[in-house]
Every structure is written in C-alpha cells, then in structure tokens.
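Input: a single structure, listed below in structure tokens.
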Amino acid sequence: MDDWAGKRYWIIGASEGLGRALAQKLSKSGVKLVLSARSEDRLKELAAELPAHADVVTIDVTDIKSVEKAAKEAGAIDGMVYLAGAYWPMAATEWDNEKAELMGDTNFLGAMRCVGAVLPTMVQKNQGHIILTSSLTAYRGLPGSIGYGASKAALLSLAEGMRADLKETNVNVQIVNPGFIKTRLTDKNDFNMPMMMEPEDAAAEIFEHMNSDDFKKSFPAPMGIMLRASQFLPDWLYYKLV
C-alpha cells in the first residue's frame, strides 16, 4: 500500500509488546486505529501517545459475545491485525490442560472469532485487509511447545485456506511468522532464544510485509529458512536432531 493516511485499522492485542509497537508504527504513517485488548487502561495510555486518532475498544477474544460487541463498536474498518496471544512453555510430560486450552482458545479460536466478525462485511464490499500472526513454531513440532505450536500451526492453515478462497477478490489476507520477540511472553522462557528481536524491529518487519503483495513472511530470515527446511527432513533425522 502506498498511502496509509486516513486508513482505519483494528489492532487486536494492542496493549503490550508487538501490538503496541505496531500501533505506533501505523499511527506514525497516518493510520487511524481501533485499539483492542482486555486492559482498557493500557489501551488508553497508548491512544494518548499516538500521533493519529485512535479509538479504544476492549475485547476478550475467548468470548464470542465480547468479540461481536467489539466488532460493532469498532465500526467500519479497512483492515484488521490479529496479534492477541497466550503462551507458556510446556512439554508433553508436563501437560497443563488449563494453559493448553487458553493457548488454543486465544491464539487460534480467538483469531477465528475475530475474522468471522469482520470478514463477511469485507467480502460483501469486496475490499479489506486481514493480517494474522502465526509463528516459526508452526512449521514443525518443537520440544516444549505443546499448545502454542499447535495453535500457531492451525492459524497458519487458516490463513492459507482464506488466501485460497479469497485470491480472486479484493480482500487481502496476509500472515507473519515471527521468531523470538522480547515480550512478557518470551520472558517466561528459561532457555536460549537465538536471534531475539525487539518489538519495534518486529513491527517494522510486519509493516514492510503489509506494504507488499506477498502472502507470507517469516522472520528473522535465517531462522525462518532453517525451520522451513526442517519440513523436508525425514522424521527419524528430525527427531534425532531436536
């Protein structure tokens, strides 16, 4: 997109981390924003900091009624960015049903609910833009990623199906697959996280992708290439390596 000024985008998961950084990036480009998350206070603080106008709409993505109410309050939009996420490191040997369910409900089903709240109108108008946030963990199962990796793989599949169905329309679907980003979520990890990115740098990658016609972007590039290449390894070798 060449001209962002005056466009109206709904960012879901805007209160912290990557969502907050992307909101700042878009606002500096003249985008009018609808900021959503559960924390109204943090959203209001962000809205007051932004150079362009921003509305605040609270949302609980695990509740369909909350999603539908928020979509109605958001009103007419040009695009939606889904960045809401839940994460805990979890191995299959340390299964926690409550955390696993919340990761699936937030990362995947929450995105489904939000897409379902805005996509029919976009299809009817034959105009719109949806950006979903998956992860490099979506490409192949990794140790300690129960719940998170599966939910992100499902989200990647969702985006691919949407892209196939909407390719002949003016509704543009894109997905980003980031690696490690310095946020409250990755602060839970006690292992080495290579190529860790700051939220501002990751937001710049997403904004660059939003300006392109490409469907998918995986970053940082070296890690993305490595994990995508792992899909071609035979199972016996892959599981020996990981």
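The values are calculated or read from the model by the stated rules, or taken from the named source; none is laboratory data. Computed from a predicted structure; not experimentally measured. Here Cβ is always computed from backbone atoms with ideal geometry, including for glycine, and neighbour counts include all displayed protein chains. When the accessible area is computed, the model is the full protein with side chains, heavy atoms only, and any ligands, DNA or RNA have been set aside. Shrake-Rupley method; radii C 1.70, N 1.55, O 1.52, S 1.80 Å.
Between Glu40 and Asp235, what is the label-to-label distance in nm when each label sits 7 Å out along the Cα-to-Cβ direction?
My value for the distance between the label points is 5.1 nm.
Are there chymotrypsin sites (Phe, Trp or Tyr not before Pro) in the stretch 52-132 that DSSP puts in a loop and that have at most 16 other Cβ atoms within 10 Å, and which ones?
Trp95
Under a 1.4 Å probe, what is the accessible area of the chain per residue, stated in Å²?
That works out to 50 Å² per residue.
For a 27 Å ceiling on Cα separation, which of these pairs sit above it: Lys152/Lys182; Lys28/Lys216; Lys125/Lys216; Lys28/Lys99?
Beyond 27 Å: Lys28/Lys99.
Gaussian network model of the chain, Cα springs within a sub-10 Å range: biggest mean-square fluctuation belongs to which of Ile206, Ile77, Ile225?
Evaluated over the chain, the most mobile residue of the options is Ile225.
Which residue fluctuates most in the GNM of the chain (Cα springs below 10 Å): Ile64, Ile130, Ile11?
Ile64
Which one of Leu26, Leu43, Leu166 has the biggest mean-square fluctuation once the chain is modelled by GNM with Cα springs under 10 Å?
Leu166
Give the shape of the chain as rounded, prolate or oblate, defined through the alpha-carbon gyration tensor: a ≥ b ≥ c are the square roots of its eigenvalues, a/c under 1.5 means rounded, and otherwise the shape is prolate if a/b is larger than b/c and oblate if not.
prolate
Let me spell out the model: positive unit charges on the Cβ of Lys and Arg, negative unit charges on the Cβ of Asp and Glu, origin at the Cα centre of the chain. What dipole size does that give, in debye rounded to 20?
It comes to approximately 260 debye.
Please compute the net charge surrounding Lys99, taking Lys and Arg as +1 and Asp and Glu as -1 over other residues with Cβ under 14 Å from its Cβ.
Computed value for this residue: -4.
Between the stretch 210-242 and the stretch 54-131, how far is it from one alpha carbon centroid to the other, in angstrom?
The two parts, judged by their Cα centres, are 25 Å apart.
Taking Cα pairs under 8 Å and at least six residues apart, what relative contact order does the chain come out at, in percent?
The normalised contact order for the chain reaches 19 percent.
Heavy atoms only, probe 1.4 Å: what % of the accessible area of the stretch 91-238 goes to carbon and sulfur, would you let me know?
Carbon plus sulfur share of accessible area: 55 percent.
With unit charges on the beta carbons (Lys and Arg positive, Asp and Glu negative) and the dipole taken about the Cα centre of the chain, which residue among Tyr239, Val57, Gly75 sits farthest to the positive side?
About the Cα centre, the residue reaching furthest to the positive side is Gly75.
Could you give the angle, 0 to 90 degrees to the nearest 10, between helix 40-49's Cα long axis and the longest principal axis of the Cα atoms of the chain?
For 40-49 against the chain, the angle is about 70 degrees.
Could you give the size of the charge dipole of the stretch 88-187 about its Cα centre, using +1 on the Cβ of each K and R and -1 on the Cβ of each D and E, expressed in debye and rounded to the nearest 20?
Charge dipole of the stretch 88-187: 360 debye, to the nearest 20.
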